[in-house]
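Remarks on the structure that follows.
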Amino acid sequence: MSKNNAGIVTVDWKPDKSETLPLPNQIVKYIIDKISKGDWLVGDRLPCQRELAKILGVNRSTLVIAIAELVAMGIIESNFGKGTKIVNTTWSLFMSSAPPNWKSYINSGIHNPNVPTIQVINRLEYKKGIIRLSTGELSPNLIPHDMMEEALISVAKRANSLNYLEPLGLINLRQALSNYLSRYGIHVPPSCILIVSGSLQALHLISIGMLKPNSTIFTERISYLRSLRIFQSVKMNLQDVPMDKSGIIPAKIDTRHLSSGDSLLYTIPTFHNPTGIVMPERRRIELLEWCKINQVPIIEDDAYRDLWFDHVPPLPLKSYDQHGVVLYLGTISKSLAPGFRLGWLVGPEAVIEHLGDIKMQIDYGANSLSQWALTEWLESGMYDKHLEILRPKLIERRDITLQILERHFKNIATWSTPKGGFYIWLKLNTKINTAKLFNLAAESNILINPGSIYDVVENNCIRISYSYAEIDELIVGLQRLADLIKNITYKDYREICS
Ligand SMILES: Cc1ncc(COP(=O)(O)O)c(C=O)c1O
């Protein structure tokens with residue numbers, strides 16, 4: 001990524017002190033090069049001079065000479081207190097080779113950029129030394145390397161071709177998934193299963209392949225879906241549905257937004273992201289009944305199903321579905337390996353064929369190697385073995401995290417004990433702008449997902465995950481986070497709330 005969400009360009013280069021070209025000239029050349037290639041655009045800003053000098057590994061005086069030169073050339077504008085901005089790419093220097101107006105192209109694209117906080121999270125996750133307190137994936141230490149090796153060795157023997165695969169995905173994998181799903185009461189043939197490149201892609205396919213602009217997507221008021229821009233990018237409206245401790249409340253769905261043939265309901269009934277709520281069986285049946293009567297198809301996102309702790313959760317909505325109301329999404333990202341980029345969409349044959357046809361036009365199918373590898377994991381029984389080993393480890397992490405919270409957050413937040421999945425939904429007692437807390441935490445090398453990215457309003461919550469950071473990181477990170485919250489003085493507090 002060449003820019004952060006504040007339009008400040010990323011600089012990952014240093015002048016070469018052994019070169020004969022003086023350092024200021026090297027810096028001028030580097031900046032002109034970035035602009036002339038279209039990497040940096042008019043309106044983008046450079047990091048502040050102190051920071052830029054640090055990144056470049058030069059004295060401030062060296063940088064000042066380079067900046068003055070660029071200002072004199074009309075390439076950048078330097079305003080005291082407002083930073084340094086790129087002002088012109090069409091000056092005489094570039095007359096013959098001015099780049100296209102990339103900014104205008106970028107702004108014309110159909111797909112919206114990510115939520116700015118998510119852009120920052122995506123970047124900071126790879127910063128050295130950062131403690132990731134909210135990451136929604138397994139720690140590399142929880143992925144069984146010996147079994148993975150075994151699976152990949154078998155794949156080398158079995159995957160006799162790496163050609164494109166059939167439109168719905170590898171038949172062996174779809175058959176293995178058909179067997180796997182039947183344990184959850186979902187009895188479907190392979191022709192009702194589409195293999196996708198992660199369940200996110202299934203959402204994307206549904207958004208572009210099945211709905212008109214202005215369609216309504218009903219969803220839990222607080223939802224993972226809010227942190228994405230998939231449906232909004234194709235001009236659809238997310239309509240919030242109130243929740244209680246059993247999840248989405250069907251009786252509270254605002255029927256004024258219903259119009260036949262173009263509404264859908266998206267829900268995560270099992271170990272909901274981010275709240276961890278599990279919808280009880282009774283509510284599942286109520287919701288299904290409401291959707292059947294009102295002819296609203298359901299997208300059931302079951303990403304966390306296999307990660308239960310003490311009790312198996314209620315069966316999926318799909319297992320009660322006698323009328324083809326539910327499109328069911330599964331993924332291997334949470335329980336085994338997000339890097340496989342594999343998920344599955346289960347639904348009526350006509351829908352699966354249509355979306356499979358669109359997928360073929362988009363990417364000609366999910367990665368064949370991954371599909372063979374997952375087939376191996378499922379068929380060999382290694383996946384089940386892995387889950388049996390994983391569950392106690394996740395329970396241990398959850399329990400330790402709860403103890404740390406008890407120690408440091410007792411007087412500043414409330415939470416519930418998750419029965420599965422990865423997340424603890426921390427509700428702060430004091431009104432704090434969590435977006436600003438996010439920035440303060442990032443400065444202290446702590447990465448959190450503020451609750452506001454999952455909600456329509458500021459909600460005073462933080463999603464904590466016990467699946468990714470190691471125990472010693474959780475101890476240090478959560479204590480640091482609690483101190484940050486406590487140390488927000490009355491003055492800061494007033495400023496943060498303003
Ligand atoms: C509820 C839910 N659905 C889908 C996804 C994305 O999964 P995938 O990696 O299969 O695209 C996530 C990831 O955070 C999730 O929490």
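Just so it is clear, none of the values below were taken in a lab; they were calculated from the coordinates. This structure is a prediction, so every number in the text was calculated from the model and none was measured. A quick note on method: Cβ atoms are made from the backbone with ideal geometry, for glycine too, and the neighbour counts reach across all protein chains shown.
Worth pointing out:
- The residue list VAL115, PRO22, ALA350 was ranked by how far each Cα lies along the charge dipole of the chain toward its positive end, using unit charges on Cβ atoms, and PRO22 comes out on top.
- Crossing angle, helix 145-158 versus the chain [Cα axis fit, 0-90 degrees, rounded to tens]: 80 degrees
- Overall Cα dimensions of the stretch 124-267 - principal axes, largest extent first, Å: 57, 46, 30
- Neighbour count of at most 16 Cβ within 10 Å plus DSSP loop: longest trypsin sites (Lys or Arg not before Pro)-free window in the chain: 246-409
- Relative contact order, percent, the stretch 23-109 [alpha-carbon distance under 8 Å, six or more residues apart]: 35 percent
- Measuring spread by the Cα atoms of the chain yields a radius of gyration and Dmax of 25.5, 77 Å.
- Take the Cα radius of gyration of the stretch 318-377 and divide it by 2.2 N^0.38 Å, N being the number of residues; the result is 1.26.
- SER416-ASP384 FRET efficiency (beta carbon distance; Förster radius 35 Å; 0.05 resolution): 0.80
- Rg over Rh for the stretch 23-109 works out to 0.98, using Cα positions for both radii and the Kirkwood form for Rh.
- Under a model in which nothing but the beta-carbon of Lys, Arg (+1) and Asp, Glu (-1) is charged, the chain shows a dipole of about 1380 debye around its Cα centre.
- Model label sites at ILE358 and THR20, defined 7 Å from Cα along the beta-carbon direction, differ in position by 6.1 nm.
- With R₀ fixed at 30 Å, the C-beta to C-beta distance from LYS37 to ARG60 puts the FRET efficiency at about 0.65.
- Taking all Cα pairs closer than 8 Å and separated by 6 or more residues, the relative contact order of the chain comes to 18 percent.
- What the Cα convex hull of the stretch 143-380 gives, in volume per residue, is 119 Å³.
- Charge dipole (debye, nearest 20) of the stretch 143-380; +1 at Cβ of Lys and Arg, -1 at Cβ of Asp and Glu: 520 debye
- Greater than 18 Å apart at Cα, pairs in LYS334/LYS385; LYS410/LYS436; LYS427/LYS486; LYS14/LYS54: LYS410/LYS436
- Between 0 and 90 degrees, the angle of helix 23-36 with respect to the longest Cα principal axis of the chain falls at about 50 degrees.
- Mean projected area (nm²) of the alpha-carbon convex hull when the stretch 226-294 is viewed from all directions: 5.0 nm²
- C-alpha center-to-center spacing [the stretch 327-401, the stretch 24-54] in angstrom: 43 Å
- When the charge dipole of the chain is built from unit charges on Cβ atoms (+1 for Lys and Arg, -1 for Asp and Glu) and taken about the Cα centre, the candidate among VAL296, LEU327, LEU162 whose Cα reaches farthest toward its positive end is VAL296.
- 0 to 90° range, to nearest 10: angle between helix 434-443 axis and the chain longest Cα axis: 60 degrees
- Chymotrypsin sites (Phe, Trp or Tyr not before Pro) within the stretch 244-290: DSSP coil, no more than 11 neighbouring Cβ in 10 Å: none
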